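Some notes on the structure that comes next.
The values are calculated or read from the model by the stated rules, or taken from the named source; none is laboratory data. On a predicted model such as this, the values are computed, not experimentally measured, just so you know. No Cβ is skipped: glycine too gets one built from the backbone with ideal geometry, and neighbour counts run over all protein chains shown.
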């Protein structure tokens, strides 16, 4: 089945949680080498982005899962939040709706498989490779930060090495400035629109 395509709004702001020590938190080549949920190691560049600040916080909580450290225990500069925009006219695969997931061969319960718990990275990597092979520029997906998939993320596949995300702020925001933020306004930004379905040709 053909992936259900969605268009990313031009100029939309995306968020990324980063280590302050990273030289370029918007460099998509690291995921090309090491892989991620939607791209196999040693395959193609991918940049993993959050669709809103609540999802960014979910990601951070997931990173801390299993350790004695809680979000409130972190220093104000332990992590930073990077805001970025993408090149214009980007079309991605939908992995947020039931119909979009079915078209990708994923269960409607994503990120959970009713029979075996969380869907494996290997399964998603095969889907990501197929999506990229069809000329789409990424996957707009439910967050795997929680079993119920609340939150939205984007795995963006740059078209070429020259296709890059651009910072939307002069400098990243330290954790102390967004730790308890719940919406775009608390980041000093307007409400950001979600991707919209692309009509079939």
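Please verify whether residue 44 is assigned to a loop (DSSP other than H, G, I, E, B), touching a helix residue (DSSP H, G or I) at 6+ places or on another chain (Cβ under 7 Å) and farther than 30 Å from residue 162 by Cβ, treating the condition exactly as stated. Answer is no for this residue. Candidates 95, 144: the one that is buried (at least 17 other Cβ atoms within 10 Å of the Cβ) and at pLDDT 95 or above is 95.
Looking for something assigned to a loop (DSSP other than H, G, I, E, B), crowded, with 16+ Cβ neighbours inside 10 Å and either modelled with pLDDT of 95 or more or in contact with a strand residue (DSSP E or B) (Cβ under 7 Å, 6 or more places away or on another chain) (or both) - is there at least one such residue anywhere in the range 120-132? Scanning the range 120-132, I find no residue that is assigned to a loop (DSSP other than H, G, I, E, B), crowded, with 16+ Cβ neighbours inside 10 Å and either modelled with pLDDT of 95 or more or in contact with a strand residue (DSSP E or B) (Cβ under 7 Å, 6 or more places away or on another chain) (or both), so the answer is no.
Condition check: over 18 Å from the mean Cα position of the chain (by Cα) and surrounded by 15 or more Cβ atoms within 10 Å (Cβ to Cβ). Does residue 177 satisfy that?
Numbers: over 18 Å from the mean Cα position of the chain (by Cα): yes; surrounded by 15 or more Cβ atoms within 10 Å (Cβ to Cβ): yes.
For residue 177, the condition - over 18 Å from the mean Cα position of the chain (by Cα) and surrounded by 15 or more Cβ atoms within 10 Å (Cβ to Cβ) - is met.
Let's see how each residue does on (1) under 21 Å from residue 111 (Cα atoms); (2) out of contact with any strand residue (DSSP E or B) (no Cβ under 9 Å at 6 or more places or on another chain); (3) surrounded by fewer than 21 Cβ atoms within 10 Å (Cβ to Cβ); (4) in contact (Cβ under 8 Å) with a residue 60 or more places away in the chain:
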residue: 5; (1), (2), (3), (4): yes, no, no, yes
residue: 36; (1), (2), (3), (4): yes, no, yes, yes
residue: 42; (1), (2), (3), (4): no, yes, yes, no
residue: 46; (1), (2), (3), (4): yes, no, no, yes
residue: 49; (1), (2), (3), (4): yes, no, no, yes
residue: 56; (1), (2), (3), (4): yes, no, no, yes
residue: 62; (1), (2), (3), (4): yes, yes, yes, yes
residue: 82; (1), (2), (3), (4): no, no, no, yes
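Return the residue satisfying two criteria in turn: it lies in the range 58-94 and is part of a helix (DSSP H, G or I) and in contact with a helix residue (DSSP H, G or I) (Cβ under 7 Å, 6 or more places away or on another chain), and of such residues it is farthest from residue 200 (Cα to Cα). The selected residue is 71.
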